[in-house]
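Right, one structure below, let's go through it.
The values are calculated or read from the model by the stated rules, or taken from the named source; none is laboratory data. What you see is a predicted model; the values in this text were computed from it and never measured. Neighbour counts run over all protein chains shown; Cβ positions are idealised from the backbone, glycine included. Please note that ligands, DNA and RNA were not included when accessible areas were found on the heavy atoms of the full protein model with its side chains. Shrake-Rupley method; radii C 1.70, N 1.55, O 1.52, S 1.80 Å.
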Amino acid sequence: MLAKRIVPCLDIKDGQTVKGTNFVNLRQAGDPVELGRAYSEQGADELVFLDITASHEGRKTFTELVKRIAANINIPFTVGGGINELSDVDRLLNAGADKISINSSAIRNPQLIDEIAKNFGSQVCVLAVDAKQTENGWKCYLNGGRIETDKDLFEWTKEAQERGAGEILFTSMNHDGVKAGYANDALAVLADQLSIPIIASGGAGCKEHFRDVFLQGKADAALAASVFHFGEIKITELKLYLCGEGITIRGGRHPGQVSMRMNNLFR
């Protein structure tokens, strides 16, 4: 089993971290720079920053905020929101991002995936997919879950892989913020269909949900927000728990310390 990743997510609106339920009823969750620094120190494997209203409001991602967060962390950093062209990718990589996430712009212009992969490498391009299970199957949504499209989750992610996307970040809108577990059935289908890593998003409420998303959903990484932002789950404790469940987890920022603690715990 390849080492699994734990990925906190900062959903940003008006410069502040927010979190909602099913993409609505947003509430404040803290300063993104301070949260990013804390997660880096706690052993998170990566950090995702999503400017959740950039596409809807027709503007670019907050470059200065990206710079401030990048200066305070030393783990891989993915940034998304309002990325429509190669110059946006270049700007954010120069600001400190390691990878960029595209969603609405990729649905409107799939060729953007090809262009990013060709110019910056597939490892830079993360396709984010906000999808909802409907009577007609899993449908993808634009503009932060506001507009339904005719794109099928499984067909779209397969096309994205063929175009050069390096990872898929799949958020189940049905599960988002509900804290009842991830969309493991859909994730398992994606894992069987694709050869690139899949980041699961939407539904984390307890440590067992992370175990299940790795074992049942076959995800490569588990993204979560509110359970980390509001202190319901500590990243170090989560990694210790998952190790006890037989799941191989990356060590994060302090792999030696985490490994030592795990060895002491399970002797």
Cβ-placed point charges (K, R +1; D, E -1), dipole of region 5-234 about Cα centre in debye, nearest 20 | 400 debye
Pairs from Lys139/Lys239; Lys118/Lys158; Lys13/Lys139; Lys132/Lys234; Lys67/Lys218 whose Cα-Cα separation, in the structure shown, is over 27 Å | Lys139/Lys239; Lys132/Lys234; Lys67/Lys218
Highest GNM mean-square fluctuation among Thr248, Thr17, Thr134, for the chain with Cα springs under 10 Å, belongs to Thr134
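For every other residue with a beta carbon closer than 10 angstrom to the beta carbon of Leu223, add +1 if it is Lys or Arg and -1 if Asp or Glu, then tell me the sum. Mind showing how you got there, number by number?
On the way: positive: Arg5; negative: Glu46.
Overall, the nearby charge balance is 0.
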Amide H proximity to Gly30 below 5 Å, modelled H, separation 5+ or other chain, gives Thr17
When the dipole is taken about the Cα centre of region 120-186, and only Lys, Arg (+1) and Asp, Glu (-1) are charged at their Cβ, what size is it in debye, to the nearest 20?
-> 180 debye
In region 5-234, with Lys and Arg counted as +1 and Asp and Glu as -1 at Cβ, which of these residues, Ala131, Asn143, Phe49, has the Cα nearest the positive end of the dipole, that is, farthest along it?
-> Phe49
Where a ≥ b ≥ c are root eigenvalues of the Cα gyration tensor, a/c under 1.5 meaning rounded, otherwise prolate if a/b exceeds b/c and oblate otherwise, region 159-220 counts as prolate
Give, as a single signed number, the net charge of other residues whose beta carbon lies under 10 Å from the beta carbon of Ile113, with Lys and Arg counted +1 and Asp and Glu -1.
-> -2
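Output the antiparallel fraction of DSSP beta bridges having both residues in region 5-234, as a percent to the nearest 5.
Values: 15 of 46 bridges.
Once the DSSP bridges in region 5-234 are tallied, antiparallel ones form about 35 percent.
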What whole number of Å gives the distance from the Cα centroid of region 193-238 to the Cα centroid of region 89-126?
-> 24 Å
In the Gaussian network model of the chain, springs joining C-alpha atoms below 10 Å, which of Asp150, Asp11, Asp220 carries the largest mean-square fluctuation?
-> Asp150
Relative contact order [Cα under 8 Å, 6+ residues apart], region 5-234, whole percent | 17 percent
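About the Cα centre, and with charges only on the beta carbon of Lys, Arg (+1) and Asp, Glu (-1), how big is the dipole of region 149-200? Nearest 20 debye, please.
Dipole magnitude for region 149-200 comes out near 180 debye.
Can you give the accessible area per residue of the chain, in Å², using a 1.4 Å probe? Could you put the intermediate results ahead of the total?
Values: 11130 Å² over 267 residues.
Ligands and nucleic acids excluded, the result is 42 Å² per residue.
Can you bin region 5-234 into rounded, prolate or oblate? Criterion: square roots of the alpha carbon gyration tensor eigenvalues sorted a ≥ b ≥ c, rounded for a/c under 1.5, prolate for a/b above b/c, oblate for the rest. Please report the intermediate quantities before stating the final value.
On the way: a/c = 1.35, a/b = 1.03, b/c = 1.31.
Here region 5-234 falls in the rounded category.
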